[in-house]
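The values are calculated or read from the model by the stated rules, or taken from the named source; none is laboratory data. This is a predicted model, so every value here is computed, not measured. Glycine gets a Cβ as well: all are built from the backbone with ideal geometry, and neighbour counts include every protein chain shown.
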Amino acid sequence: MKNLVRNFIILGVIVTLAGCGMKPLKKGDGESTDKQQQDNQYGKDSTGKFSSGASLDVSSLNDPNSPLSQRVLYFDLDSSQVKDEDRDIITVHAEFLAAHSDIMIVLEGHADERGSREYNIALGEKRAKAVKQLMTLQGVAESQIQVISFGEERPVALGHDGAAWNLNRRVEILYTGY
């Protein structure tokens with residue numbers, strides 16, 4: 001199951017990167033695009049940020065168009081600081097979890113291959129705890145979140161270069177039972 005989730009995450013990253021340079025097609029006479037309809041369905045505001053995870057239901061967890069499908073957060077080298085662009089992703093997940101107190105998640109912390117094994121385990125844990133802290137500050141019960149660190153032991157990219165290292169410095173949000 002974890003391999004399937006990991007493959008979907010990798011596929012999501014590839015699709016996201018492939019679509020970065022694409023612009024949405026414009027429709028005339030005030031018609032909205034499919035993207036705009038999806039954004040409205042999931043509470044995306046005019047700035048492009050998702051405004052509330054509370055309006056999402058459990059079926060949103062399996063919807064690739066849902067903001068809850070964004071479950072990987074990336075970190076800079078030797079850092080456990082959550083990037084500004086990832087804070088709205090965390091907010092949506094936090095609001096969803098706060099509204100669904102019966103749902104549990106695992107935050108998996110990861111690091112790239114550089115550094116000692118002990119250092120990377122500690123860094124992965126710091127990264128996952130940083131995400132947990134932001135979620136608990138937004139109303140998620142600590143009992144809903146389990147933190148685990150794999151350090152460098154579970155890379156998603158097997159290369160030994162900057163591109164691979166960037167993908168391996170991450171926290172994955174895993175919903176248990178979904």
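Might you let me know whether segment 86-96 holds any residue that is touching a residue at least 24 places away in the same chain (Cβ under 8 Å) and either among the basic types (Lys, Arg) or assigned to a loop (DSSP other than H, G, I, E, B) (or both)? Checking segment 86-96: at least one residue is touching a residue at least 24 places away in the same chain (Cβ under 8 Å) and either among the basic types (Lys, Arg) or assigned to a loop (DSSP other than H, G, I, E, B) (or both). In segment 99-115, the residues that are among the aromatic types (Phe, Trp, Tyr) form no Cβ pair under 8 Å with any partner that is modelled with pLDDT under 95 and crowded, with 23+ Cβ neighbours inside 10 Å, whether six or more places apart or across chains.
Let's see how each residue does on (1) touching a strand residue (DSSP E or B) at 6+ places or on another chain (Cβ under 9 Å); (2) part of a loop (DSSP other than H, G, I, E, B); (3) crowded, with 23+ Cβ neighbours inside 10 Å; (4) not polar (S, T, N, Q):
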residue: Ser101; (1), (2), (3), (4): no, yes, no, no
residue: Gly109; (1), (2), (3), (4): yes, no, yes, yes
residue: Glu113; (1), (2), (3), (4): no, yes, no, yes
residue: Ile121; (1), (2), (3), (4): yes, no, no, yes
residue: Gly124; (1), (2), (3), (4): yes, no, yes, yes
residue: Ala128; (1), (2), (3), (4): yes, no, yes, yes
residue: Leu134; (1), (2), (3), (4): no, no, no, yes
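Of the numbered criteria (1) more than 26 Å from Leu56 (Cβ to Cβ); (2) in a helix (DSSP H, G or I); (3) not aromatic (Phe, Trp, Tyr), the one Leu158 fails is (2).
Scan segment 73-85 for residues that are over 10 Å from the mean Cα position of the chain (by Cα) and either part of a loop (DSSP other than H, G, I, E, B) or hydrophobic (A, V, I, L, M, F, W, C) (or both) and the total you get is 9.
For every residue, the table says whether it meets (1) more than 17 Å from Leu174 (Cα to Cα); (2) more than 17 Å from the chain's Cα centre (by Cα); (3) modelled with pLDDT under 95.
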residue	(1), (2), (3)
Ala98	no, no, no
Asp102	no, yes, no
Ile105	no, no, no
Glu108	no, no, no
Glu113	yes, yes, no
Ser116	yes, yes, no
Asn120	yes, yes, no
Gly124	no, no, no
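Across segment 136-178, the qualifying residues are those that are modelled with pLDDT of 95 or more, farther than 15 Å from Tyr74 by Cβ and among the polar types (S, T, N, Q), and the one among them that is surrounded by the fewest Cβ atoms within 10 Å (Cβ to Cβ) is Ser143. Evaluate segment 50-69: report whether one residue or more is of a type in the set (D, E, K, R), at pLDDT 95 or above, farther than 28 Å from Gly162 by Cα and not in a helix (DSSP H, G or I). Checked against the condition, which is being of a type in the set (D, E, K, R), at pLDDT 95 or above, farther than 28 Å from Gly162 by Cα and not in a helix (DSSP H, G or I), segment 50-69 yields no hits at all.
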